[in-house]
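These notes concern the structure reproduced below.
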Amino acid sequence: MKWTPWIVLSIVSGLTLAACTTMPDWLENWSSSFGEQLDINSDPSENETPPESDSGQELPPTKLTLVMVDGQPTEVELELFDHQEFPLTLYTPRGEFSRLFETVGDTQSVQFNQTQDDGEPNPFIYLQIVVPVGEVTIDELRDRVLGDDGILANRRWQMVDRTRVLTYTWADERIDFQHTVDDTVYRGSLFLGDRDGQPFYALTHYPQAIAPSITPRLSMILDTIDRRDI
């Protein structure tokens with residue numbers, strides 16, 4: 001079976017140099033695209049966790065990243081998402097995703113939909129991050145998400161895989177799912193995580209057919225999630 005390599009290289013200080021290999025089979029692309037990055041730095045000392053930044057230090061508004069897909073380099077500019085009412089920060093590819101922040105009931109969420117050619121957000125390709133309001137443990141959040149009234153049950157999405165072997169520093173568990181709408185198969189993953197005491201979940205959703213092209217970009221976003229000082 002033919003292997004197709006893609007590499008994400010940082011050209012900005014502080015961004016991890018990583019490499020990932022995916023198989024062309026859609027399931028292998030989909031299942032392994034998230035959380036399967038391997039550190040290729042040969043110096044173990046450079047893999048140590050960097051010291052925390054000084055309190056109040058501002059994050060850069062943009063970063064540059066080089067993405068290698070099928071051997072073709074593509075420079076991607078990432079722009080900061082930092083909402084004063086949201087406890088997490090992250091970076092998204094500049095101009096490629098719409099942004100929507102909402103507070104609904106006992107949760108806060110931000111959703112990033114891929115922008116279509118006409119400038120409108122694509123309702124089927126998105127990353128959503130949901131943070132509970134109040135004191136909630138990650139296990140309590142897990143029960144909410146996976147319970148009878150959770151998001152998978154309510155939307156009738158079929159769970160197809162579940163793992164706790166992940167490399168995102170904040171991730172605790174990944175649940176992969178699928179569903180079909182009008183003969184189109186959709187895939188996605190729900191990540192349960194905790195960033196410096198803030199539990200949350202991240203949800204990806206996209207058509208199966210574009211998994212090889214969209215999952216590297218979604219993975220870049222997920223890898224930048226950090227805790228915001230409010």
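How much accessible surface area, in Å² rounded to 10, belongs to the heavy atoms of residue 102 with a 1.4 Å probe?
Only protein atoms counted, so the area is about 80 Å².
Rank 76, 165 by accessible area, highest first, at a 1.4 Å probe radius?
Largest accessible area first, the list is 165, 76.
Need one value: the accessible area of residue 223 in square angstrom, 1.4 angstrom probe, rounded to the nearest 10.
Looks like 70 Å² after rounding.
Testing the spin-label approximation: label points 7 Å from Cα along Cα→Cβ at residue 213 and residue 153. State their distance in nm.
My value for the distance between the label points is 3.8 nm.
Determine the gain in length on full extension of the stretch residue 164-residue 135; use 0.36 nm per residue of separation and subtract their C-alpha separation, reporting nm with one decimal.
Once the chain is fully extended between residue 164 and residue 135, it gains 8.1 nm.
Only loop residues by DSSP count here, and only those with at most 13 other Cβ atoms within 10 Å; note down the GluC sites (Glu not before Pro) in the stretch 123-230 that meet that.
Those satisfying the criteria are 135.
Please report the orientation-averaged projected area of the stretch 70-177, defined via the convex hull of its C-alpha atoms, in nm².
9.3 nm²
Mind grabbing the accessible area of residue 227 for me, 1.4 Å probe, Å², rounded to tens?
Probe radius 1.4 Å; accessible area of residue 227 about 90 Å².
The values are calculated or read from the model by the stated rules, or taken from the named source; none is laboratory data. Just so it is clear, the model here is predicted, and its values are computed rather than measured. In this analysis, Cβ positions are derived from the backbone assuming ideal geometry, glycine residues included, and neighbour counts consider all displayed protein chains. Just the protein is used for accessible areas: all its heavy atoms, side chains included, with ligands, DNA and RNA removed. Shrake-Rupley method; radii C 1.70, N 1.55, O 1.52, S 1.80 Å.
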